[in-house]
Protein chains: 2
Amino acid sequence: MAQAIPFRQASPLKASCHQCSLSNLCLPLAIEENDLDRLEDIVQQGRIFNRGEHIFDQSTPYRSCFAVKSGSIKTSIITENGEEQVTGFFMPGELVGLDSIGSEHYACTAKALERTSVCEFPMEKLEELTGKLPELQHHMYHLMSQEIQNSHQLAMLLSKNTAEERIAALLLSLSSRFQRRRMSPTNFSLPMARNDIANFLGLAVETVSRVFTRFQNQGIIKARGREVELLDIEALQMVSREFSRQCNS
Amino acid sequence: MAQAIPFRQASPLKASCHQCSLSNLCLPLAIEENDLDRLEDIVQQGRIFNRGEHIFDQSTPYRSCFAVKSGSIKTSIITENGEEQVTGFFMPGELVGLDSIGSEHYACTAKALERTSVCEFPMEKLEELTGKLPELQHHMYHLMSQEIQNSHQLAMLLSKNTAEERIAALLLSLSSRFQRRRMSPTNFSLPMARNDIANFLGLAVETVSRVFTRFQNQGIIKARGREVELLDIEALQMVSREFSRQCNS
DNA sequence: CGTCCGATTTGATCCATGTCAACTATGTAC
DNA sequence: GTACATAGTTGACATGGATCAAATCGGACG
């Protein structure tokens, strides 16, 4: 139940970053075509996790960061008094585990929200490689700093915005992230439960639910369970007045 | 009023990281004695800013990150609709500007809270250097990831904790940061205004004020203006039940 | 197809904190 | 020293969202 079964070890072990459809979102985007092999040498591709399985656990020795290939992941931290705080949702092309790079242990737990495949980058080797490829190093810095900015953005959302604004911002963030992957920005299904949304946004589940129905009554969205359709993106941007850069992850 | 006057260009221009009392908190801690010169080659030491002066401005092209030598700095971001969100406070030995590394522009504005001296690390050169010194690179990763963790910690504080808990956590964070510098962990003066505290913690100024007096009435702290004395640290840790790792910046 | 359990929704009530307003203290300029 | 501005405190009141409770939905499984 908790074991990831590597499952037909992805056809050729090295399905290769060259052909990966996400290469323009993921690490390869920072790498020259001819250096790409060096990244492929260290990456372990196509590990698969079922819904609910942990990709890594908080306080466990840090080994790798992971790129989402398909599916989605949620990260969360558990406090001393046992409360959970969801710190981010990660979609294909995004990197998980940046918040612990350079640390001894994972700072959070990463859990598959659905059947999810990831590429694993052993950090030791990745650090070695970034030492040799300035472009890659720069990109890592960039990714990490964006993670900081996202988190600040989230903090801001939490401290200054109403429930409606927070939820609008989240929907818009998801929308633009789907769009980046050339999927519909208006029609998608939420990878996470209401509970996770509530936790992430610092709200009670009941409030999330109420806001969803309110938005629906106003004709801004249509939602049935996790299926969501954004009917009026501009209205959403209005609500989330801060035009939601990304409240995300 | 807005110009930083370099002010007697710190005695010898290179006061040197070797003798800096903060070298065990700052970047040098990751560097071998004999490589330290290479860091000194790129750092510009001892720039001084008066209270209220900007070290750098949001949306300005990114050039450098800065280490606080003395004094203190607050960083904040301004949203499209003109609201300010304080994202962190930085004390001696801490690095400012990590949230923009690898980006084209500064993601926030950094402002001196009092007369403050900083060391400037031009990022271009620093990236070059981290490419050559694996230890330093690792340390940069570590610092950045900690920044992410701190920010997550802050988000958590904002989304799950009461006003009292937030303020207790902040006081404890400051306390431990003073202690690291071998200053009194119980007797210090707050570098920032109530307003900044309120903004940072997502509260109204009035609430901050009220909590301070409440703590005072309970004999947990003594506060007169910015002078603070923590009378009962354990009580504070009790209040901030999550034993406040660091809620800080 | 019915059962069960978790997820989601809806309703009623309460409270922590925001907001507005007034007052006080502190500091700075003349 | 006086005056004005800025920062901090205190009080009264309003409210968004939490909490508690209960109903409904939906999917997994036999």
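Look at the stretch A:135-147: the mean tally of other chain Cβ atoms within 10 Å of its residues' Cβ atoms is 6. When the Cα positions of B:LEU29, B:SER159, B:HIS138 are compared along the charge dipole of the range B:20-166, B:SER159 comes out farthest toward the positive end, with charges on each C-beta of Lys, Arg, Asp and Glu. With a simple spin-label model that places each label point 7 Å from the Cα along the Cα-to-Cβ direction, the separation between B:SER184 and A:ILE42 comes to 4.9 nm.
Rounded to the nearest 20, the size of the Cβ-charge dipole of the range A:27-148 about its Cα centre is 400 debye, with Lys and Arg at +1 and Asp and Glu at -1.
All other residues whose Cβ lies under 11 angstrom from that of A:PHE200 are scored, Lys and Arg at +1 and Asp and Glu at -1, for a net of +1. Inter-chain Cβ neighbour count for B:95-108, averaged per residue, equals 4 (cutoff 10 Å, partner chain atoms only). Taking DSSP loops as anything outside H, G, I, E and B, show the longest stretch in chain B free of trypsin sites (Lys or Arg not before Pro) there with at most 11 other beta carbons within 10 Å. Longest site-free region, per DSSP loop and neighbour criteria: B:9-181.
3J(HN,Hα) couplings calculated from phi for the range B:76-86 with the Karplus curve 6.51 cos²θ - 1.76 cosθ + 1.60 (θ = phi - 60°) are, in sequence order, 8, 10, 10, 7, 3, 8, x, 6, 9, 10, 6 Hz; Gly and Pro show x. Over 28 Å between C-alpha atoms is what I'm after, so list which of B:LYS69/B:LYS125; B:LYS74/B:LYS132; A:LYS160/B:LYS125; A:LYS125/B:LYS111; A:LYS74/A:LYS125; A:LYS74/B:LYS160 land there. Too far apart for the 28 Å limit: B:LYS74/B:LYS132; A:LYS160/B:LYS125; A:LYS125/B:LYS111.
Calculate the mean, over all residues of peptide B:156-164, of how many other protein chain Cβ atoms lie within 10 angstrom of the residue's Cβ. Could you put the intermediate results ahead of the total?
Values: counts 11, 4, 8, 14, 7, 2, 0, 0, 0.
Mean partner shielding for this stretch: 5.
Relative to the Cα centre, the charge distribution of chain B, modelled as +1 at Lys and Arg Cβ and -1 at Asp and Glu Cβ, gives a dipole magnitude of about 900 debye. Phi angles across the range A:97-108 convert, under the Karplus curve 6.51 cos²θ - 1.76 cosθ + 1.60 with θ = phi - 60°, into 3J(HN,Hα) values of x, 5, 6, 10, 3, x, 9, 6, 10, 5, 8, 8 Hz, Gly and Pro given as x.
Taking a quarter of the surface of the Cα convex hull of the range A:23-158 gives a mean projected area of 8.2 nm².
Separation of the range B:45-98 and the range A:184-215, taken as the distance between their Cα centroids, equals 35 angstrom.
Take the Cα of A:LYS125, step 7 Å toward its Cβ, do the same at B:GLU135, and the gap between the two points is 2.6 nm.
Amide H contacts for B:SER64 (H built 1.01 Å from N in the peptide plane; partners 5 or more residues away or on another chain; cut-off under 5 Å): B:MET123.
Of the DSSP H helices in chain B, those that are both long (alpha-carbon extent of 20 Å or more along the helix axis) and hydrophobic (Kyte-Doolittle mean at least 0.0) are B:163-180. Each residue of the range B:225-235 was assigned a 3J(HN,Hα) from its phi angle through the Karplus expression (A = 6.51, B = -1.76, C = 1.60, θ = phi - 60°), giving x, 8, 6, 10, 10, 8, 7, 9, 4, 4, 4 Hz with x at Gly and Pro.
Helix-only mean residue ellipticity at 222 nm, chain A, DSSP H runs n ≥ 4 weighted -39,500 (n - 2.57), per residue, nearest 500. What is it?
It comes out at -11500 deg cm²/dmol, rounded to the nearest 500.
Would you work out the charge dipole size for the protein assembly as shown about its Cα centre, treating the Cβ of every Lys and Arg as +1 and the Cβ of every Asp and Glu as -1, and quote it to the nearest 20 debye? Dipole about the Cα centre, nearest 20: 1120 debye.
No lab work stands behind these numbers, since they all come straight from the coordinates. Everything numeric here is computed off the predicted structure, so don't read it as measured data. Don't worry about glycine lacking a Cβ; one is built from the backbone with ideal geometry, like all the others, and counts go over all protein chains shown.
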